[in-house]
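Below is one structure, written out as structure tokens; the observations come after it.
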Amino acid sequence: MRTIFSIIISTFLFINYALSNNPELVIGEERVEPGIVFIFEGAIKDHVMPMSMHLSENETHVHIEARVNWDTKDTPEGTVSGGFVPYMYINAKVTNENTGLSTFIDLVPHINLIDNFHYARNISLPGSTSDLYTVKFNVIPPTSQDMSLHKDWLDNYGNQLFEQTSFTYKKVNFKEIAESSRR
């Protein structure tokens with residue numbers, strides 16, 4: 001039943017994505033124990049609310065995203081296969097490989113009709129859209145103030161969701177995404 005549900009959800013997300021005709025740049029994909037999958041993307045800029053917290057669409061080059069979900073296989077008992085993993089702290093440093101200029105952003109929870117829940121932020125690139133960039137994502141697990149653990153989790157997986165980690169990707173080309181439009 002879990003596999004059928006995963007297939008249905010995956011098919012729905014693929015069809016929804018394909019129908020949107022909006023390209024997304026997959027910067028990297030990672031998996032950490034106990035079965036959390038990170039997909040880091042550069043997406044087309046968008047109107048995000050509340051406006052007081054986000055760059056307006058006309059001030060933005062790229063919508064940086066981290067989709068964080070339970071794997072569709074080999075996860076802790078009770079997790080929803082493919083389900084969103086909440087309460088993370090994720091930030092990204094985007095560095096222009098030509099000039100060394102960089103921008104640092106916190107990714108915050110978002111929801112839309114394509115990716116559903118994800119972490120993201122509109123950004124203005126520190127340089128030309130045709131430059132290459134290094135992107136470093138820092139991923140910090142939920143704190144004890146954000147998430148409590150039951151004894152069964154503690155006994156099986158320890159006193160946190162996962163170890164803090166970071167992922168670095170070089171020679172990221174945002175040109176196509178930065179020059180695309182959702183409308």
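Counting only pairs 8 or more places apart or on different chains, how many lysine pairs in the chain have C-alpha atoms closer than 18 Å? Could you put the intermediate results ahead of the total?
On the way: Lys45/Lys93; Lys45/Lys175; Lys93/Lys136; Lys93/Lys170; Lys93/Lys171; Lys93/Lys175; Lys136/Lys170; Lys136/Lys171.
Pairs that pass both the separation and distance tests number 8.
Legend: P(r) of the stretch 67-145 from all alpha carbon pair distances, 5 Å bins from 0, whole percents, reading 3, 13, 19, 18, 17, 13, 9, 5, 2, 0.
By the compact-protein rule of thumb, 2.2 N^0.38 Å, the alpha-carbon radius of gyration of the stretch 19-171 corresponds to a ratio of 1.10. Leu149 contributes an accessible area of around 70 Å² to the protein surface, as traced by a 1.4 Å probe with all chains present. In this structure the stretch 86-166 gives 56 Å² per residue of accessible area when probed at 1.4 Å with all protein chains present.
Taking Cα centre as origin and charging only the Cβ of basic (Lys, Arg, +1) and acidic (Asp, Glu, -1) residues, the dipole magnitude of the chain rounds to 260 debye. Over what distance in Å are the Cα centres of the stretch 55-129 and the stretch 134-166 separated? For the stretch 55-129 versus the stretch 134-166, the Cα centre distance is 18 Å.
Rounded to the nearest 0.05, what FRET efficiency do Phe104 and Leu154 give with R0 = 41 Å and r taken as the Cβ-Cβ distance? Could you check? Working from the Cβ atoms, E equals 0.75. Calculated mean residue ellipticity at 222 nm for the chain: -5000 deg cm²/dmol, from DSSP H runs with n ≥ 4 weighted as -39500 (n - 2.57), summed, divided by the residue count and rounded to 500.
Per-residue surface analysis assigns Phe117 an accessible area of about 90 Å², computed on protein heavy atoms at 1.4 Å probe radius. Computed with a 1.4 Å probe over protein heavy atoms only, the accessible area of Val37 comes to about 30 Å². For Ser52 and Ile114, a Förster radius of 22 Å and the Cβ-Cβ distance give a FRET efficiency of 0.40, rounded to the nearest 0.05.
The values are calculated or read from the model by the stated rules, or taken from the named source; none is laboratory data. Because the structure is a prediction, the values reported are computed rather than measured. Ideal geometry is used to build each Cβ from the backbone, glycine not excepted, and the neighbour counts take in all protein chains shown. Side chains are part of the model used for accessible areas, which takes the heavy atoms of the whole protein and leaves out ligands, DNA and RNA. Shrake-Rupley method; radii C 1.70, N 1.55, O 1.52, S 1.80 Å.
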